[in-house]
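The values are calculated or read from the model by the stated rules, or taken from the named source; none is laboratory data. Since the structure is predicted, the reported quantities are computational estimates derived from the model, not experimental observations. Cβ: placed from backbone, ideal geometry, glycine included. Neighbour counts: every protein chain shown.
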Amino acid sequence: MIEEVGSNVRGVNIGDEVVIYNRLFDGTCKYCLIGHEELCINGGLIGIVTNGGFAEYAVVPVTNVIRVPKCVGLDEAATLPVGALTAWHMVFDRAGVRPGELVVVFGATGNVGSYAVQFTKLAGATVIAVSRKANKVRNALIGLGADYVVTPEEAQVLVNELSNGLGADLVVDSVGQATWNLSFQLVARYGRWVTAGALTGGDVTLSLPSLYQGRSL
Ligand SMILES: [Zn+2]
């Protein structure tokens, strides 16, 4: 909630409920000018390049403030700037998910993963959500739009079955090292593999022929 506004600030008022976009950006560099403020060469994360990100009160530029409509809870809104934006960027901007595609989302219960499930489903894809705790989280993930919920061990068989052995059109995997071998194997020819995290470690082995022989990242 806004407690105070600077004298030149327009568009937000004391008492407004807001969520903070947590990346600072200058709005003038090459990347900002093409609409990718997240890549700003003079930017950084609030709380990392500035103090106070974890405090009860924080000072942020008005350009980082987004009003939360009354119909959206603050808890839910707080998940949007990181989880939803990251998933959106991955599945739409980078991977260009299309209706009818077969999509596999690893780490589907995570903040980014759960949004990736929802966005790919909304795009008209068939969505396989992968989670170690598949049995426990099945209902929740189906509620978010997953068509199937499986453990990593079950993923390969299901993808083969649904694609006649061709593989998945898109694999979303921010889990990292632990799932890399499996998740990359699941990608169909001309498919896409996207990531925005390395929760279990970031060092992986990549066979270049497996990349250029029909696959694209
Ligand atoms: Zn910039």
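With Tyr31, Tyr21 as the choices, which residue is under 17 Å from Leu74 (Cβ atoms) and surrounded by 11 or more Cβ atoms within 10 Å (Cβ to Cβ)? On inspection, the qualifying residue turns out to be Tyr21.
Has the stretch 204-217 got at least one residue that is under 18 Å from Ala87 (Cα atoms) and not small (Gly, Ala, Ser)? Yes, there is a match, as at least one residue in the stretch 204-217 is under 18 Å from Ala87 (Cα atoms) and not small (Gly, Ala, Ser). If you check Val68, Val112, Val104 for being more than 16 Å from the ligand (Cβ to nearest atom), over 30 Å from Arg192 (Cα atoms) and at pLDDT 95 or above, only one passes: Val68. When the criteria are applied in full, Thr50 fails the requirement of being closer than 19 Å to Gly197 by Cβ, hydroxyl-bearing (Ser, Thr, Tyr), surrounded by 13 or more Cβ atoms within 10 Å (Cβ to Cβ) and at pLDDT below 95. Of the helices (runs of 4 or more DSSP H) that lie entirely inside the stretch 23-94, those containing 3 or more residues that are over 20 Å from Gly6 (Cβ atoms) and touching a residue at least 24 places away in the same chain (Cβ under 8 Å) span 74-78, 85-88. Kindly check whether there is at least one residue in the stretch 19-34 that is over 30 Å from Arg192 (Cβ atoms) and away from the ligand (no atom under 16 Å from the Cβ). Within the stretch 19-34, one or more residues are over 30 Å from Arg192 (Cβ atoms) and away from the ligand (no atom under 16 Å from the Cβ). Those strands (runs of 3 or more DSSP E) of the stretch 108-217 in which at least 1 residues are among the aromatic types (Phe, Trp, Tyr) and without any contact (Cβ under 8 Å) to a residue 24 or more places away in the chain, considering only elements entirely within it, cover 148-150.
The residue list Ile14, Ile41 contains one member that is of a type in the set (A, V, I, L, M, F, W, C) and within 16 Å of the ligand (Cβ to nearest atom), which is Ile41. If you check Ala87, Ala78 for being within 30 Å of Arg192 (Cα to Cα), away from the ligand (no atom under 16 Å from the Cβ) and touching a helix residue (DSSP H, G or I) at 6+ places or on another chain (Cβ under 6 Å), only one passes: Ala87.
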